[in-house]
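Values quoted throughout were computed directly from the atomic coordinates according to the rules given, and no laboratory measurement underlies them. Because the structure is a prediction, the values reported are computed rather than measured. As a convention, Cβ positions derive from the backbone with ideal geometry for all residues, glycine included, and neighbour counts pool all protein chains shown.
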Amino acid sequence: MSSLTDSVFAAIHLISHPDPMLWSVVARSLWVSIWATAIASVTGICCGAWLAVVRFNGRAAVLTLLNTLLALPSVVVGLVVYLLLSRSGPLGYLGWLFSLKAMVLAQSVLVFPVVAALTRQCIEDADRLHGEQLQSIGAGTGLRSLLLVWDERYVFLTIVITAFGRAISEVGAVMVVGGNIEGFTRVMTTAIALETSKGDLPLALALGLVLLVVVLFLNTLVSCVKAWRLRVDGAPSDPVQKVWV
């Protein structure tokens, strides 16, 4: 128990007294995860909204594949991206392997199915409620998707935060394609794994606490936005009335 207590106090000391190595790892983690979330969110929302309103042959198979990718292990994503970026791979000429760009790509691939699947379900539910109204006033497929996405924008805030949490807490893929190089590609999750194996529990705990605080802050922000929306809007949204009236 004393060892645990000492480690916790040492971790708090590292956080309260700026440690260059700790905060460089934190900054690098945030940089990688923010970029990965942004890329995955833009592509995932567009793809998910399109799948929600468009009907085509093989759509059920595409949705099955998308839902299957939700359970894809991160190390498998890392392996695929590694093969693509390796010297003999199709993207080897980019020279991204063992760099932050490779880590952003791996996290984007990992997070994309989460955003796309949640978006597809959200827009499909909204289209079931408001789709006929939008079609009756001449909204085509593209415009209908855009209006429904805008109407559900607060829900998408939650989806983006979920995607960011998935990205920043991931360890397998970024370790495979980044190499966990100190000072270059080491992020919070890979550093926690390494420092724990080395027995440096205070640093591992400090990084874990920072990671927890980051996710807690983002979820608190989402809750505040939801409360503000309920106070301002008051009633359930109607995309037809909001946009066309």
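Descriptive notes on the structure:
- Residues 168, 34 in ascending order of nearby Cβ atoms (within 10 Å, fewest first): 34, 168.
- In the range 77-213, taking the dipole from charged Cβ atoms about the Cα centre, the farthest positive-side position among 188, 213, 161 is held by 188.
- Vicinal HN-Hα couplings computed from phi for the range 23-28 (Karplus, 6.51 cos²θ - 1.76 cosθ + 1.60; Hz; Gly/Pro x): 6, 5, 5, 4, 4, 5
- The magnitude of the dipole of the range 119-191, with charges of +1 and -1 set on the Cβ of Lys/Arg and Asp/Glu and taken from the Cα centre, is near 160 debye.
- With 0.36 nm allotted per residue and the present C-alpha distance subtracted, the residue 19-residue 209 stretch has 67.0 nm of extension available.
- Two-site label geometry, residue 46 and residue 184: point separation in nm, points 7 Å out along Cα→Cβ: 3.2
- Cβ crowding within 10 Å ranks 181, 192, 12 as 181, 12, 192, fewest other Cβ atoms first.
- Dipole magnitude of the chain about its Cα centre (Cβ charges: Lys, Arg +1; Asp, Glu -1), debye to nearest 20: 440
- Of the residues 154, 93, 82, the one with the fewest other Cβ atoms within 10 Å heads the list, and the complete ranking is 93, 154, 82.
- The modelled label-to-label distance between residue 154 and residue 231, using points 7 Å beyond Cα along the C-beta direction, is 1.2 nm.
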